[in-house]
Amino acid sequence: MSQAVLIAVGIDWDGRRQILAVEMANRESRSAWRDFLVALKARSPKGVELVVSANHAGLVAAIGEVIPEAAWQRCYVHFLRNALDHLPRKHGADCLQDLRWL
């Protein structure tokens, strides 16, 4: 059976990463992400300032609903991959360098 794995990783002010939560869900829906974030927020550190994620509509909506005080930023790696999907392969390497510079 296919399932989604929802994962939250936190980074403290010293740059240390910690896995905050891992949960299985039937799908990557807004409601699944909302429930995941509500449970995480109930037992997690206070003061989330920035959330970096993929530009998944359900995830972004759930973040805005559950953690409205946090700024949101699209994941840089996902941005690059999505941009490269719209280019011919022969131009990918050159454009990737330009995108990284931007």
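Only the coordinates and a few stated rules stand behind these numbers; no lab work does. Here the structure is a predicted model, which is why all the values come from computation and not from measurement. Neighbour counts are summed over all protein chains in view; Cβ atoms, including those assigned to glycine, are modelled from backbone coordinates with ideal geometry.
At q = 0.14, 0.24, 0.26, 0.27 Å⁻¹, what base-10 log of I(q)/I(0) does the Debye formula yield for segment 4-75 when every alpha carbon is treated as an equal point scatterer in vacuo? So the normalised log intensities work out to -0.39, -1.24, -1.46, -1.56.
Can you compute the FRET efficiency between Leu20 and His86 using 1/(1 + (r/R0)^6), with r the Cβ-Cβ distance and R0 = 25 Å? Round to the nearest 0.05.
On the way: r = 33 Å, r/R0 = 1.33.
Using R0 = 25 Å, I get an efficiency of 0.15.
Computed from backbone phi, the HN-Hα couplings of segment 71-79 come to 6, 10, 9, 6, 4, 4, 5, 5, 4 Hz, rounded to whole numbers (Karplus: 6.51 cos²θ - 1.76 cosθ + 1.60, θ = phi - 60°; Gly and Pro given as x). Under the simplified labelling scheme, the Lys46-Glu69 pair shows an inter-label distance of 0.7 nm, with each label point 7 Å from Cα along Cα→Cβ. Considering only beta bridges that DSSP places wholly inside the chain, some 65 percent are antiparallel.
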